[in-house]
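The values are calculated or read from the model by the stated rules, or taken from the named source; none is laboratory data. As the structure is a prediction and not an experimental result, all values here were calculated from the model. A quick note on method: Cβ atoms are made from the backbone with ideal geometry, for glycine too, and the neighbour counts reach across all protein chains shown.
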């Protein structure tokens, strides 16, 4: 069976041969390696058959020797199709150009909509988008993806709590949630201030209420520090005690730090690859081959191609391969102790208020074991220990 695709690509013709001895003419063609098929007889002196285009160029020589007349009835295949396309190249070129223009315009930014932002915030967002190149008339392939735009806006525009970025066709839609202004202080009910933990009083600032303790007093958890009952006996009133009572508190921390740590760092080398993605097929178009470096991390960004409002199953893939090297960080025992102490401080601070300070630290136990420095540390902290507690109602006698 003949391969119809091969014959279509190379081209084929249907030939009509008339004259005496047409059968001998067919035999001559076959003996000389010319392939024919679909041979049909039309009367006693006429036959038709199909043959390859390249063989048809040789047939006239054999026809003159046999006193046969030949004519070509039908031409088919890629060469003739290409020839017809050349005759209509203006129309075909115009159609292709039109499609390319439509595809280009479908991937240009034509709109940016910002919802949920005040005018001042909207102006800030517009300026930041302009810096990133997200503006009307810019090709979408040359701007960050929506995740990158969202991340940069959140980092660079201070009064945003959250921003959602969505690309629909040729328009970016941004939904903004702004940070709320500080709420007005709530009206507090009458209350006392009590100690939230055991401490030695270091300093006090009382706005309203009657202080019960003094500097250097030792207090226990739950002990009354500032009373919300003020006035002379018989002429008292209840208020919301407000103030700060700073006390010296104590914490213990256990930390372990290895003397040697292995980790990866980027060395600045990178290789970029670009590809055309059609469905599940990825076709490299730039940056062929494997990188020269062995260890690397890959960052891939895929941008969809649009046609009018439709998203085509075609994407442009951009891949960045960043070289990395494994390095070993080695501490001396003294350096490890210093870094372990700093690590313990950060751990303690993470559980305290922003205004708390570390007054002093003391290493209770130090040990070098299994390639690690192990420390037990005692910290003295100055922090606000006052918390509000409702004034208990008096029970009638």
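Output the residue which, of all residues in region 20-43 that are over 19 Å from residue 74 (Cβ atoms) and in contact with a helix residue (DSSP H, G or I) (Cβ under 9 Å, 6 or more places away or on another chain), is surrounded by the most Cβ atoms within 10 Å (Cβ to Cβ).
25
If you go through region 244-252 one residue at a time, do you hit one that is over 53 Å from the mean Cα position of the chain (by Cα), part of a strand (DSSP E or B), assigned by TED's automatic domain parsing to the domain that holds residue 365 and surrounded by 15 or more Cβ atoms within 10 Å (Cβ to Cβ)? Give the steps one after another, and end with the answer.
We begin by selecting, within region 244-252, every residue over 53 Å from the mean Cα position of the chain (by Cα); these are none.
No: zero hits.
Suppose we filter 135, 197 for residues that are touching a helix residue (DSSP H, G or I) at 6+ places or on another chain (Cβ under 8 Å) and either surrounded by 16 or more Cβ atoms within 10 Å (Cβ to Cβ) or not in a strand (DSSP E or B) (or both); which single one remains? Reasoning before the result, please.
Values: 197 fails: touching a helix residue (DSSP H, G or I) at 6+ places or on another chain (Cβ under 8 Å).
Answer to the check: 135.
Residue-wise test of (1) in contact (Cβ under 8 Å) with a residue 60 or more places away in the chain; (2) out of contact with any helix residue (DSSP H, G or I) (no Cβ under 7 Å at 6 or more places or on another chain); (3) not assigned by TED's automatic domain parsing to the domain that holds residue 361.
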{"position": "173", "(1), (2), (3)": "yes, yes, yes"}
{"position": "190", "(1), (2), (3)": "yes, yes, no"}
{"position": "215", "(1), (2), (3)": "no, yes, no"}
{"position": "219", "(1), (2), (3)": "yes, yes, no"}
{"position": "238", "(1), (2), (3)": "yes, yes, no"}
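Taking the conditions exactly as written (closer than 30 Å to residue 308 by Cα and in contact with a helix residue (DSSP H, G or I) (Cβ under 7 Å, 6 or more places away or on another chain)), does residue 107 satisfy them or not?
Working: closer than 30 Å to residue 308 by Cα: yes; in contact with a helix residue (DSSP H, G or I) (Cβ under 7 Å, 6 or more places away or on another chain): yes.
Yes: the conditions hold for residue 107.
Take residue 169 and decide whether it is modelled with pLDDT under 90 and either on the phi > 0 side of the Ramachandran plot or surrounded by 12 or more Cβ atoms within 10 Å (Cβ to Cβ) (or both). Give the derivation first.
Working: modelled with pLDDT under 90: yes; either on the phi > 0 side of the Ramachandran plot or surrounded by 12 or more Cβ atoms within 10 Å (Cβ to Cβ) (or both): yes.
Yes; evaluated as a whole, the condition is true for this residue.
Give region 361-375 a look and list any residue that's surrounded by fewer than 15 Cβ atoms within 10 Å (Cβ to Cβ), closer than 17 Å to residue 258 by Cα and in contact (Cβ under 8 Å) with a residue 12 or more places away in the chain, or say none.
Result: 366, 368, 371.
Select from region 6-19 the residues that are surrounded by fewer than 17 Cβ atoms within 10 Å (Cβ to Cβ) and assigned to a loop (DSSP other than H, G, I, E, B) and list them in ascending order.
Result: 19, single match.
Please go through region 259-285 and give me each residue that is without any contact (Cβ under 8 Å) to a residue 24 or more places away in the chain and either touching a strand residue (DSSP E or B) at 6+ places or on another chain (Cβ under 7 Å) or assigned to a loop (DSSP other than H, G, I, E, B) (or both), ordered by number.
Quick first cut of region 259-285, residues without any contact (Cβ under 8 Å) to a residue 24 or more places away in the chain only: 280-281, 283-285.
Correct list: 280, 283, 284, 285.
Checking the structure you have, find out if any residue of region 95-102 is at pLDDT 75 or above, in contact with a strand residue (DSSP E or B) (Cβ under 8 Å, 6 or more places away or on another chain), under 30 Å from residue 307 (Cα atoms) and not assigned by TED's automatic domain parsing to the domain that holds residue 305.
Here is the first cut: in region 95-102, the residues at pLDDT 75 or above are 95-102.
This time we only want the ones that are in contact with a strand residue (DSSP E or B) (Cβ under 8 Å, 6 or more places away or on another chain), so: 102.
Those still in the list that are under 30 Å from residue 307 (Cα atoms) too: 102.
If we keep only those that are not assigned by TED's automatic domain parsing to the domain that holds residue 305 too, we end up with 102.
Yes, there is a match, as at least one residue in region 95-102 is at pLDDT 75 or above, in contact with a strand residue (DSSP E or B) (Cβ under 8 Å, 6 or more places away or on another chain), under 30 Å from residue 307 (Cα atoms) and not assigned by TED's automatic domain parsing to the domain that holds residue 305.
Please note which helices (runs of 4 or more DSSP H) are completely contained in region 20-94 and include at least 3 residues that are touching a residue at least 60 places away in the same chain (Cβ under 8 Å) and under 26 Å from residue 6 (Cβ atoms).
78-87
Just to check your reading of the model, which residue among 358, 305 is surrounded by 15 or more Cβ atoms within 10 Å (Cβ to Cβ), at negative phi, touching a residue at least 40 places away in the same chain (Cβ under 8 Å) and in contact with a helix residue (DSSP H, G or I) (Cβ under 9 Å, 6 or more places away or on another chain)? Spell out the reasoning first.
Numbers: 358 fails: touching a residue at least 40 places away in the same chain (Cβ under 8 Å).
So the residue among 358, 305 that is surrounded by 15 or more Cβ atoms within 10 Å (Cβ to Cβ), at negative phi, touching a residue at least 40 places away in the same chain (Cβ under 8 Å) and in contact with a helix residue (DSSP H, G or I) (Cβ under 9 Å, 6 or more places away or on another chain) is 305.
Return yes or no: is residue 323 part of a strand (DSSP E or B) and either in contact with a strand residue (DSSP E or B) (Cβ under 9 Å, 6 or more places away or on another chain) or at pLDDT below 90 (or both)? Reasoning before the result, please.
Values: part of a strand (DSSP E or B): yes; either in contact with a strand residue (DSSP E or B) (Cβ under 9 Å, 6 or more places away or on another chain) or at pLDDT below 90 (or both): yes.
For residue 323, the condition - part of a strand (DSSP E or B) and either in contact with a strand residue (DSSP E or B) (Cβ under 9 Å, 6 or more places away or on another chain) or at pLDDT below 90 (or both) - is met.
How about region 286-302: which of its residues are in a strand (DSSP E or B) and either closer than 10 Å to residue 322 by Cα or in contact with a helix residue (DSSP H, G or I) (Cβ under 6 Å, 6 or more places away or on another chain) (or both)?
296, 297, 298, 299
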